[in-house]
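J.: Below: one structure in structure tokens.
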Amino acid sequence: MSDANYKEALKLAQKEYRACVFKGKSPFLPVLDDFLLGESVSTGIDLGLVQIPADFIVGTKTKGRSNAFAANFMPILDEDTEFAEKWKRLCEAHETEGIRDPIKAYEYMNRFYVLEGNKRVSVLKFFNADTIVGNVIRILPEKTDDLEVELYYEFVAFYKLSKINFIEFSKKGSYSELQKVLGKEADEEWSEDEQKQFAAVYHYFKQAYISKGGDRLQSTVGDAMLSYIKVYGYPELMKTDTADIKKNLSKIWEDVSLQQDEEPIEIKSDPSEEKKPGVLSKVLPQIIPSVLKVAFIYDGTPEGSGWVHEHEKGRRHVQRVFDGKIETKAYPNAMDDPMKAIKQAIADGSKVIFTTTPRLLQVSLRAAVEHPEIVIMNCSLNKSHRYIRTYYTRMYEAKFILGALAGSLTESGKLGYVCDYPIYGQIAAINAFAIGAQMTNPRAKVYLEWSAVKGAKNAAKSLEEQDIHIISSQDTARFLEDDRHSFGLSYVRGDILELLANPVWNWGVYYEEILRRGLNNSLKSEYESSSKALNYFWGMSAGVVDIVYSQNLSEASKRFCDLLKESIKHDLCIPFLTPLITQDGEKIGEDQKSLTLDQIISMDYLVENVAGTIPRYDELSPMGKATVDMAGIEQSQDSAVDDEDGDEK
């Protein structure tokens, strides 16, 4: 039997050899020592005994026997060689009692190169082993800004917590995002049982993914699995078999396929871009003759939340504007059971559903997958999901103007800024405020505090204690809190509080524009014509962002702000004119060019005149964590290596 096995392995080797030669590639195993020559790499880090994914064992550490194998690790030497006899004996040992001795290998960029045990690897690969036990030494590459290297260092940090080495991603931030969607803290280690369960779940998912044709995509199994978990959740995936996973994958396959796109999001910056039938075209042919029912799903009540209050004003606005054509209904306090609220809205006849907070993103996505006949739009930024649209405002434009106003008014040069959550859009708002302040006052420094860490009152109090009297706080008032620092740009000194100006979200204008274009069939048919996830990111030019002034602000300051507003509307004033200088001294962008909207949305750094930091996940309040889980900026986990002892830290 071993003779027959060797003949079959030899055929596989010869086939691989010919294929490699045809493609102009080396037909033999790659040698780690060869392509590490001249590179700056670490001394080895001993990982101990590791279950190595067989597919990830790709070559040898030294030249040695590399030419005895084809590139697929199958033996290529003739049957009458001593090598062939040893391979056959190993084959017999595996079939009778199993190969137990671990190999010795080096890991570099999560690929493994064998130092001892090449024939063992060859035999086990021939028998389609999933994993091979080995003692592993890790070699770290020099840190660079190359995407592959950055992804690898994210993997190293993830591996330190999970000891999982078989899942890979193609996009930065995915390892830390996986940690989040599995319900783990950023630095929480995995138990052995969790590791084993995840390995089993991954195995079943991979089978379903490949049988669906996933191996023909450029994205990874990990990319697809992360997308799946975002829709269905990890607990449900754990109890789902391969057949059901495959069915569910069919429902979200466009979303899975989208992960291979380097730019999966298409950003709509202005409603004038949409001219043809569009976002509601899937349902409008059936509903134009009758009243269109539209649902608004809230995570609180208008009486208890300024954010909900503003969206409720928007709902009432469109109800008045489209009286007789559109019927709206609000569903408050949906966080108790968000899917129940969405299902109730659908049962009530709603054909369009607005879920008005990033906290409702995941359940919105799940509902959109299960109900493709319903248009569901979520109020959030930069989530690359094909089946729902997201919408948000360019609030950073208003913050830039308020920063310029604050810079012109400060005597000390010290300004305060209270932000709520480190989510997409908020970092841009902080930076825009700081850049605006620097424009009118080169000495201006913005001191940053977070309400999701300290609470709004304590954050504002901390700024006052630093002798800071002009403070920008949250964008909407909290009507039930006795909190005088809860919104707007204010002058604060002791018992004196003067509101100067307040940024406003004109959600009524936003909703009116979306629904009007839907009703007259003039909104472009993006879903049919685009393969990307669509994000509506409108600003002052669309009338969805504005600033209101208090009577405390001088007429001269009002005229100054109005001038900036008009300049931004007509692209004469660019808040993020490059280059930008970060806190670390890094230069972002080229001279006299604006950042792209995607660069603005995904900011994960603070500019040079901001004093403060972006909080860690474990510093956030429970609501802060819940919000960041859905729409938080994706800062990659980093790891460092002590050059003296080679230990990861």
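J.: Scan (1) of a type in the set (Val, Ile, Thr); (2) open to solvent by 30 Å² or more (accessible area, probe 1.4 Å); (3) at pLDDT 90 or above; (4) not in a helix (DSSP H, G or I) for the single condition Thr43 breaks and write down its number.
T.: Of the numbered conditions (1) of a type in the set (Val, Ile, Thr); (2) open to solvent by 30 Å² or more (accessible area, probe 1.4 Å); (3) at pLDDT 90 or above; (4) not in a helix (DSSP H, G or I), the odd one out for Thr43 is (3).
J.: Check off (1) open to solvent by 30 Å² or more (accessible area, probe 1.4 Å); (2) under 18 Å from Ser227 (Cβ atoms); (3) among the charged types (D, E, K, R); (4) within 19 Å of the chain's Cα centre (by Cα) for Glu370 and give me the number that stays unchecked.
T.: (4)
J.: Output the qualifying pairs, or none if there are none: Cβ atoms under 7 angstrom, residues six or more apart or on different chains, first residue in region 230-259 and open to solvent by 50 Å² or more (accessible area, probe 1.4 Å), second residue assigned to a helix (DSSP H, G or I).
T.: Met238/Gln197; Met238/Val201; Asp241/Tyr204; Lys246/Ala208; Lys246/Ser211; Lys251/Val369
J.: For the list (1) over 19 Å from Leu499 (Cα atoms); (2) in a loop (DSSP other than H, G, I, E, B); (3) in contact (Cβ under 8 Å) with a residue 24 or more places away in the chain; (4) not β-branched (Val, Ile, Thr), I need the number of the one condition that Pro442 fails.
T.: Of (1) over 19 Å from Leu499 (Cα atoms); (2) in a loop (DSSP other than H, G, I, E, B); (3) in contact (Cβ under 8 Å) with a residue 24 or more places away in the chain; (4) not β-branched (Val, Ile, Thr), only one is false for Pro442: (3).
J.: Sticking with this structure for a sec: Just give me the residues in region 452-502 being modelled with pLDDT under 85, β-branched (Val, Ile, Thr) and surrounded by fewer than 19 Cβ atoms within 10 Å (Cβ to Cβ), in sequence order.
T.: Scanning region 452-502 gives a single hit, Ile496.
J.: Please work out if Leu405 is open to solvent by less than 50 Å² (accessible area, probe 1.4 Å), touching a His at 6+ places or on another chain (Cβ under 9 Å), within 30 Å of Gly488 (Cβ to Cβ) and in a helix (DSSP H, G or I).
T.: Working: open to solvent by less than 50 Å² (accessible area, probe 1.4 Å): yes; touching a His at 6+ places or on another chain (Cβ under 9 Å): no; within 30 Å of Gly488 (Cβ to Cβ): yes; in a helix (DSSP H, G or I): yes.
Spelling it out, it is not the case that Leu405 is open to solvent by less than 50 Å² (accessible area, probe 1.4 Å), touching a His at 6+ places or on another chain (Cβ under 9 Å), within 30 Å of Gly488 (Cβ to Cβ) and in a helix (DSSP H, G or I).
J.: Out of Val50, Val58, which single residue is in contact (Cβ under 8 Å) with a residue 60 or more places away in the chain and either in a strand (DSSP E or B) or under 39 Å from the mean Cα position of the chain (by Cα) (or both)? Step through it out loud before you land on a result.
T.: Numbers: Val58 fails: in contact (Cβ under 8 Å) with a residue 60 or more places away in the chain.
Step by step, each of Val50, Val58 is checked, and only Val50 is in contact (Cβ under 8 Å) with a residue 60 or more places away in the chain and either in a strand (DSSP E or B) or under 39 Å from the mean Cα position of the chain (by Cα) (or both).
Residue by residue, here is whether (1) of a type in the set (Lys, Arg); (2) touching a residue at least 24 places away in the same chain (Cβ under 8 Å); (3) under 20 Å from Pro53 (Cα atoms) holds:
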site	(1), (2), (3)
Leu151	no, no, yes
Val156	no, yes, yes
Asn165	no, yes, yes
Glu185	no, yes, no
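J.: Hey, does region 71-78 have a residue that's exposed (fewer than 14 other Cβ atoms within 10 Å of the Cβ) and of a type outside the set (Phe, Trp, Tyr)? I'd like the intermediate steps shown before the answer.
T.: Restricting attention to region 71-78, the residues satisfying the condition of being exposed (fewer than 14 other Cβ atoms within 10 Å of the Cβ) are 78.
Among the residues that remain, those that are also of a type outside the set (Phe, Trp, Tyr) are: 78.
Yes: one or more hits.
J.: Of all residues being assigned to a loop (DSSP other than H, G, I, E, B) and open to solvent by less than 10 Å² (accessible area, probe 1.4 Å) in region 515-552, which is modelled with the lowest pLDDT? Just the residue, please.
T.: Within region 515-552, the first condition is being assigned to a loop (DSSP other than H, G, I, E, B), and the residues that meet it are 520-525, 530-532, 539, 543-544, 550-552.
In the following step, the residues that additionally are open to solvent by less than 10 Å² (accessible area, probe 1.4 Å) were identified as 523, 539, 544.
Numbers: Leu523: 43, Gly539: 94, Val544: 94.
Checking each candidate, the answer is Leu523.
J.: Let me ask something else. List every residue pair whose Cβ atoms sit under 9 Å apart, with the two residues 6 or more apart in sequence or on different chains, where the first one lies in region 19-37 and is small (Gly, Ala, Ser) and the second, anywhere, is open to solvent by less than 20 Å² (accessible area, probe 1.4 Å).
T.: Taking only residues 6 or more apart or on different chains, the pairs are Ala19/Pro27; Ser26/Cys20.
Yes/no per residue for (1) more than 22 Å from Asn506 (Cβ to Cβ); (2) buried (at least 24 other Cβ atoms within 10 Å of the Cβ); (3) of a type in the set (Asp, Glu):
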residue	(1), (2), (3)
Ile353	no, yes, no
Pro358	no, yes, no
Leu365	yes, yes, no
Ile374	yes, no, no
Tyr387	yes, no, no
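The values are calculated or read from the model by the stated rules, or taken from the named source; none is laboratory data. Since this is a predicted model, take the numbers as computed values, not measurements. Cβ coordinates were reconstructed from backbone atoms using ideal geometry, including for glycine residues, and neighbour counts include every protein chain displayed. The accessibility values were calculated without ligands, DNA or RNA, using every heavy atom of the protein model including side chains. Shrake-Rupley method; radii C 1.70, N 1.55, O 1.52, S 1.80 Å.
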